[in-house]
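Working notes, structure below.
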Amino acid sequence: MDTNQYMGMFLEESREHLQTLNSCLLELEHNPEDPSVLNEIFRSAHTIKGMSATMGYTEIAELTHEMENVLDLLRKNQLKVNEDIVDTIFKCVDTLEQMVESIASETEHGVDVSTLVKKLVSIAKGESAPVSNAKPEVEKATNNIGVIQKNSVELNDTDIAVLNKAKTSGLQPFEIKITLSETCLLKSARAYIIMNALDEIGEVIKTVPPSEDLEQENFDQSFEIIFITSNEKAKVQETLLSVSEVANVEVNSLDIGVTEEAVEKKQEVTTAAPVTLPTEAKIAPAKAVPSKVQGPGMDKKVKGGQSVRVDIEKLDSLLNLVGELVINKTRLEQIGITHRLTELVETIEQMDRVTTDLQSVVMKVRMVPVGQVFNRFPRMVRDLSRELNKEINLTIEGEETELDRTVIDEIGDPLVHLIRNSLDHGVEHPDERIAKGKEATGEVRLIARHEGNNVIIMVEDDGKGINPNVIKGKAVEKGLISQEDADKMDDNEAVRLVFLPGFSTADVITDVSGRGVGMDVVRSKIESLGGLIDVETKIDQGSKFKIRLPLTLAIIQALLVKVHAEIYAIPLGNIDSTINITLDDIKTIQNKEVILLRGQIIPIIRLADVLNVPETNDTEGNELFVVVVHMGEQKAGIIVDNLIGQQEIVIKTLGNLLTGIKVIAGATILGNGQVALILDVGTLMQ
């Protein structure tokens, strides 16, 4: 069997399930008695096992199989959740991540799972023995309490109790027989798809043959399922027949001849803990819904499945095509205006509306929630806080905020640096916090929100803050600034020195931070994305790092300006205003040209000098055009020869040969086919 065609799906789904395992294990640490979390962990481990066995990755399947055994004992209350078990399963998840990534990169993983497998086996054997010894007697005593009628699948007492509980919750039990077509080549994969389809509308209670046999294709063309749902029989049948390679489906209502007295009698006889419904989280919403009525949660789930995975390269290609369309639309506009072609201008106006809508749709398709980046941090904070012997609570807000995929891929590392710094340098040890009158547990907050055409991401902590005097002292000591410059700085300017290359306040270099390669890397990465980073801090109250990022990096509004014979584009997001001044308005302070604008002194940048082109001297009455730009709190006035107007531009990179050129952020093609360079305002103002 050629499994290459399924490789992309296997890797994508494995990563999703591993992330779910990480999140749910963190939840299990805080709520060890929650059965729904255990069920979710079990389901993800089970899915990874099935997929890896199908793909032929036996080591992954072996490890997840042993994980399943331990998780199953936890679900049945034959084991109690403790720190050792959680830590072991975390190690298993880390190992699985390594193995999946090595498959993705086609390298030899060389991970030995035997130690972990032995550990899981010993956990399963060592703590569940007393319970399992008592089990045969219980089964013997309760064997003939429930009587199942009109069905061929043999159910045990646990199954009966679950079905009874489901029925009292307004759910319907069905017995389903599924026959696959004779031409079905990959029966285990088809069975897996069927189980997933059923999970969308209800809950599978039992399969005949068992799930292990289904995964290993140890069955003929048919198998049977006991299933509970709030949907009608027709809906179940329709869902199953929509799966390809299914030849026949028989769905029959399941009659359970068990009285309440019998169930009560069974509960008196059995010594095991009360049975919990396998996925209480999924079934819970249906309790408030009358029988035969589909709850809103169920409806949402079915709709949620109507999505298509698209390769990011295809989206990039689509965006490039839309960009070319925008360029040609601008070109046609120019031709229409130049030649006074009224009909063409009217058609272009209609085309403009269509291309704007198309561009908007493509942008939205490329948008992904920042939660995809944020979801890795709870686990990181848990591990680091243990390593540092600190008590830290991470709060995440706004993970549904959306950003362009290209930006999402790049912001992970800067955020890791910022959070590690907050944990290491920001939040104090519990004893120190209590001495200051604070709670022993430190708070770190990761917040995302929209603000105009930007996304704001903030990393806040309630730690000791940043002392500006210490920062200035370290900067002078390392020769980054002179003592004279340090004396002139206010506190806000001093704190921003942390972004200088090579700056670090750590006296001891640790694995966490302190090598002086963190904050300047963060700033350069954020600025390369067209963003800004700033810091606010108060002694003993904490620090706040604020990142401002553009929603997208592909198509932007810009102001076109002329210097000598060339046209340049300045992103509209950086422009404060445009003004006219005379030569007399320009003053000189400390050998730097400045102007006074609304009571504020603003430095002047002569663009012709920066770009090394000759200035034109045809300005009437010495009048100069100035574009006032800003980056964060800083402002500057850029002197240009002429203002052309606002235009939507498509950003094109300059290619590998011209990367790293300061002042130039990229290029665009104008309506007349001419290339215009896009100015990097951040570099201009440095």
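FYI, it's all coordinate maths here, none of it is from the lab. Quantities reported herein were computed from a predicted structural model and do not represent experimental measurements. All Cβ positions, glycine included, derive from the backbone under ideal geometry; neighbour counts span all protein chains shown.
About the centre of its Cα atoms, the range 315-368 shows a dipole size close to 140 debye [charges on the beta carbon of Lys, Arg (+1) and Asp, Glu (-1) only; nearest 20 debye]. For Ser360 and Ala440, a Förster radius of 35 Å and the Cβ-Cβ distance give a FRET efficiency of 0.10, rounded to the nearest 0.05. Among the GluC sites (Glu not before Pro) in the range 362-421, those placed in a DSSP loop whose Cβ has at most 10 other Cβ atoms within 10 Å are Glu400. Taking amide H as placed 1.01 Å from N in the peptide plane, Ser577 has its amide H under 5 Å from the amide H of Val628, each at least 5 places away in sequence or on another chain.
What is the range 370-550 by shape, rounded, prolate or oblate, if you read a ≥ b ≥ c off the alpha carbon gyration tensor as root eigenvalues and call it rounded for a/c under 1.5, prolate for a/b larger than b/c, and oblate otherwise? It comes out oblate by the Cα gyration axes.
Between the residues Gly655, His630, Val561, the greatest Cα displacement towards the positive end of the dipole of the range 555-684, with unit charges on the Cβ of Lys, Arg, Asp and Glu, is found for Gly655. Among residues other than Ala494 whose Cβ falls under 12 Å from its Cβ, what is the net charge (Lys/Arg +1, Asp/Glu -1)? That sum, taken over residues with Cβ under 12 Å, equals -1.
Of the residues Gly437, Ser422, Pro369, the one whose Cα sits farthest towards the positive end of the charge dipole of the range 362-492 is Pro369 (charges of +1 on Lys and Arg Cβ, -1 on Asp and Glu Cβ, taken about the Cα centre).
May I ask you to derive the FRET efficiency for Gln372 and Glu633 from their Cβ-Cβ distance with R0 = 25 Å, giving the value to the nearest 0.05? Here the calculated transfer efficiency is 0.20.
Over 21 Å between Cα atoms: which of Lys478/Lys662; Lys76/Lys165; Lys474/Lys592; Lys49/Lys118 fall into that group? In this structure, Lys478/Lys662; Lys474/Lys592 lie more than 21 Å apart at Cα. In this structure, the pairs whose alpha-carbon distance is over 32 Å, taken from Lys91/Lys472; Lys436/Lys546; Lys235/Lys314; Lys329/Lys364, are Lys91/Lys472; Lys235/Lys314. Measuring between their Cα centroids, the range 387-417 and the range 649-686 lie 30 Å from each other. Of the residues Ala197, Asn164, Ser222, the one whose Cα sits farthest toward the positive end of the charge dipole of the range 150-232, with +1 on the Cβ of Lys and Arg and -1 on the Cβ of Asp and Glu, is Asn164.
Judged by the ratio a/c of the largest to the smallest principal axis of the C-alpha gyration tensor, the range 538-686 counts as oblate, that ratio being 1.5 or greater while a/b is no larger than b/c. The 3J(HN,Hα) values that the Karplus relation (6.51, -1.76, 1.60; θ = phi - 60°) gives for the range 320-330 are, in residue order, 4, 5, 5, x, 5, 4, 5, 4, 5, 4, 4 Hz. Gly and Pro appear as x.
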